[in-house]
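Chemist: Provided herewith is a single structure, encoded as structure tokens, for subsequent inquiry.
The values are calculated or read from the model by the stated rules, or taken from the named source; none is laboratory data. No experiment lies behind these values; they were computed from the predicted model shown. Quick reminder, even Gly has a Cβ in these numbers, built from the backbone with ideal geometry, and neighbours come from all protein chains shown. Side chains are part of the model used for accessible areas, which takes the heavy atoms of the whole protein and leaves out ligands, DNA and RNA. Shrake-Rupley method; radii C 1.70, N 1.55, O 1.52, S 1.80 Å.
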Amino acid sequence: MISLLFQLFMVLVTASPMVEEKPVENEVGGLRWSRKLSLRSRILVVNILPLALLGGGIFYLDNYRSQLLTERYKLARIEAQITAEALAGASRERQEALLIQIGKEQQMRLRMYDAEGRLWADSFALDGPSFTLADPDAEPWQQDFARWLDRTVDGITGAAPVPDYLDPESMQADIWPELARAREMGLSQIELRNAPDRTPMITAAAPVGLQGSTLLTTRNAKDITEAVRSARTTLFIAFMTALLLSVLASLFLARTIITPLRMLASAAVRVRLGRDRDVVVPRLPERGDEIGSLARTISDMTTALRHRIDAVESFAADVAHEIKNPLASLRSALESLEKVEDPKLRKQLTQIATHDVRRIDRLVSEIADASRVDAELSRTTFEQLDMHDLVVNILGTRADRQENAGRMIDLRASDYEILTVMGVPTRLERVIENLLDNAVSFSPDDGRITIDLMRSGADVVLTVCDEGPGIPDAEREKIFGRFHSVRPDEEDFGNHSGLGLAIARTIAEAHDGSLTAGSRRDGKTGACLTLSLPSITNQ
């Protein structure tokens with residue numbers, strides 16, 4: 001008796017909706033660095049990273065600027081050397097004319113120093129300036145922004161500092177380092193300085209003739225700066241615009257993803273905690289993307305879980321109710337057995353106790369089978385089987401064991417139809433056995449049980465009909481409920497648990513089929529139970 005109660009307890013435990021927690025697998029791809037990043041951060045990183053590579057073009061322009069300056073250095077050196085050779089053999093008047101002419105044509109400032117290093121000719125003083133330096137304070141804000149961007153790029157790239165260009169008050173050549181080197185080495189020299197508006201000032205010094213005179217040329221190469229600044233500013237504005245749009249788009253994308261996910265997570269937490277029995281998981285019907293599909297899947301899963309929990313609770317209550325009656329009878333019989341001295345009455349009480357124990361054992365076995373059938377079928381691999389052969393084998397086995405109680409059974413099936421289905425043979429055998437047991441129970445002693453096996457559309461249909469009292473319309477769905485048992489009056493009480501047809505329908509539905517009850521089509525009294533299963537040709 002104790003073992004039976006323990007077995008019943010284990011059945012109820014296994015039927016409860018406990019979920020086995022499995023360890024979370026490591027993230028695919030080994031992206032361990034991103035595990036602590038939120039989804040919003042990941043979206044921003046992915047969208048901004050390509051723009052950051054685009055922004056690197058701003059710094060590439062600094063290399064482009066250096067190449068332009070290098071070419072301009074070569075040009076300034078060549079110009080200084082050619083001008084110095086032209087001045088070497090000319091008279092003083094001719095030299096001044098050449099200084100004016102070259103200064104105007106090349107937009108340069110040319111200075112001549114004698115052997116003692118004194119300034120004796122300046123193209124700006126001879127004929128006026130051929131170029132003017134821009135005043136930063138008088139320029140628009142766009143130029144201030146361009147100069148700020150120049151300084152920022154120089155700071156990031158670690159560019160060497162460039163001295164400022166200032167016109168010296170002294171007239172001596174020694175104030176210009178490049179002149180001193182040119183006079184000492186006898187070769188042309190180049191120097192770079194920044195004008196007040198941060199445009200390059202390129203000065204080139206070259207010896208003139210053999211008398212110790214030197215030439216100093218000065219050019220404001222603002223065209224280089226203008227080209228680089230224009231490209232850099234345009235690229236920077238494009239980069240910042242794209243960055244702003246990318247950030248806004250990323251935040252919008254993150255919002256459209258994160259907000260519904262948070263809603264789903266919040267609903268899932270409430271479902272898990274069970275604090276709100278009527279938790280509504282948002283289905284997001286307006287979304288046709290993966291988030292909407294996930295929401296509807298979680299909603300359906302929650303509904304199915306709630307139904308499963310309700311079913312388990314109802315099942316547990318039904319089990320407690322069904323097991324209580326035989327336990328009460330058993331308890332009464334055992335308590336009375338100690339007080340009764342009459343051997344016949346003691347024997348009768350012992351038979352009652354034995355019958356109750358068998359009844360409890362039958363109930364526990366049926367309950368265990370009912371609680372396992374769903375889980376077992378979800379893990380079992382279906383196989384191809386012929387329903388005609390299965391029914392023939394079942395009928396042969398029942399005849400050998402004399403389980404038909406003398407009732408005649410007729411099998412009507414076509415030899416030309418394909419009656420093959422996918423399923424679990426032992427489980428489908430259990431369904432057919434239950435249908436035959438039910439038909440035998442309600443058939444009269446001389447009754448005949450008819451089995452029709454045929455194709456109907458895309459299904460294989462098996463119908464078991466008896467000649468019993470039939471099933472009222474109001475009871476045709478109730479007979480498939482758990483512990484619903486309406487038996488013939490002559491049958492001993494307690495021989496059936498009321499789970500047979502419930503288990504049979506569960507097995508049929510697990511095979512994507514159905515099990516229904518109806519009346520005979522030939523007008524005779526009796527019930528017909530119909531099992532429909534998808535044919536293998538429709539799989």
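Chemist: Going through Leu253, Leu179, Leu235, Leu243 one at a time, which residue ends up being in a helix (DSSP H, G or I), within 30 Å of Leu75 (Cβ to Cβ) and modelled with pLDDT under 80?
Modeler: Leu235
Chemist: Looking only at segment 104-142, which residues are open to solvent by less than 50 Å² (accessible area, probe 1.4 Å) and of a type in the set (Ser, Thr, Tyr)?
Modeler: Residues satisfying the conditions are Tyr113, Ser123, Ser130.
Chemist: Say we look at segment 294-327 and pick out the residues that are open to solvent by 60 Å² or more (accessible area, probe 1.4 Å) and either modelled with pLDDT of 75 or more or among the aromatic types (Phe, Trp, Tyr) (or both); which of these is farthest from Asp356 (Cα to Cα)?
Modeler: Only one residue fits best here, namely Leu294.
Chemist: Related question: Kindly list the number of the only condition in (1) free of Cβ contacts under 8 Å to residues at least 40 places away in the same chain; (2) surrounded by 14 or more Cβ atoms within 10 Å (Cβ to Cβ) that fails for Ile237.
Modeler: So Ile237 meets the others, but not (2).
Chemist: A further question follows. Keeping to segment 143-194, report how many residues are within 18 Å of Thr225 (Cβ to Cβ) and surrounded by fewer than 10 Cβ atoms within 10 Å (Cβ to Cβ).
Modeler: The total comes to 3.
Chemist: Do any residues in segment 513-533 that are on the phi > 0 side of the Ramachandran plot have Cβ atoms under 6 Å from those of residues that are of a type in the set (D, E, K, R) and open to solvent by less than 10 Å² (accessible area, probe 1.4 Å), where the two are at least six apart or on different chains, and which pairs are they?
Modeler: Gly526/Asp466
Chemist: Hey, any hits in segment 507-520 for a residue that's at pLDDT below 85, open to solvent by 10 Å² or more (accessible area, probe 1.4 Å), part of a loop (DSSP other than H, G, I, E, B) and among the small types (Gly, Ala, Ser)?
Modeler: no
Chemist: Quick check on my filter: what residues within segment 128-159 are aliphatic (A, V, I, L, M) and within 17 Å of Thr203 (Cβ to Cβ)?
Modeler: Listed by number, the list holds a single entry, Leu133.
Chemist: Only one of these conditions is not met by Thr450: (1) in contact with a Cys (Cβ under 9 Å, 6 or more places away or on another chain); (2) of a type in the set (Ser, Thr, Tyr); (3) at pLDDT below 85. Which number is it?
Modeler: Among (1) in contact with a Cys (Cβ under 9 Å, 6 or more places away or on another chain); (2) of a type in the set (Ser, Thr, Tyr); (3) at pLDDT below 85, Thr450 violates only (3).
Chemist: Out of Ala254, Ala267, Ala295, I need the residue that is closer than 26 Å to Val45 by Cα and out of contact with any Phe, Trp or Tyr (no Cβ under 7 Å at 6 or more places or on another chain). Which one?
Modeler: Every option except Ala254 fails the conditions.
Chemist: Return a yes/no flag: does segment 439-449 have any residue that is of a type outside the set (Asp, Glu) and assigned to a strand (DSSP E or B).
Modeler: Checked against the condition, which is being of a type outside the set (Asp, Glu) and assigned to a strand (DSSP E or B), segment 439-449 yields at least one hit.
Chemist: Among the residues of segment 399-426, how many are free of Cβ contacts under 8 Å to residues at least 24 places away in the same chain and in contact with a Leu (Cβ under 6 Å, 6 or more places away or on another chain)?
Modeler: Residues meeting the conditions: 0.
Chemist: Now, a different point. Can you name the residue in segment 450-472 that is outside any strand (DSSP E or B) and open to solvent by 10 Å² or more (accessible area, probe 1.4 Å) and, of all such residues, is nearest to Leu395 (Cα to Cα)?
Modeler: Among them, the one singled out is Glu467.
Chemist: Check every one of the helices (runs of 4 or more DSSP H) wholly within segment 83-167 and list those with 2 or more residues that are without any contact (Cβ under 8 Å) to a residue 12 or more places away in the chain.
Modeler: Hits in segment 83-167: 92-106, 141-157.
Chemist: Applying the selection to segment 383-398, what residues are in contact (Cβ under 8 Å) with a residue 40 or more places away in the chain, under 17 Å from Ile536 (Cβ atoms) and open to solvent by less than 60 Å² (accessible area, probe 1.4 Å)?
Modeler: Within segment 383-398, Leu385, Met387, His388, Leu390, Val391 meet the criteria.
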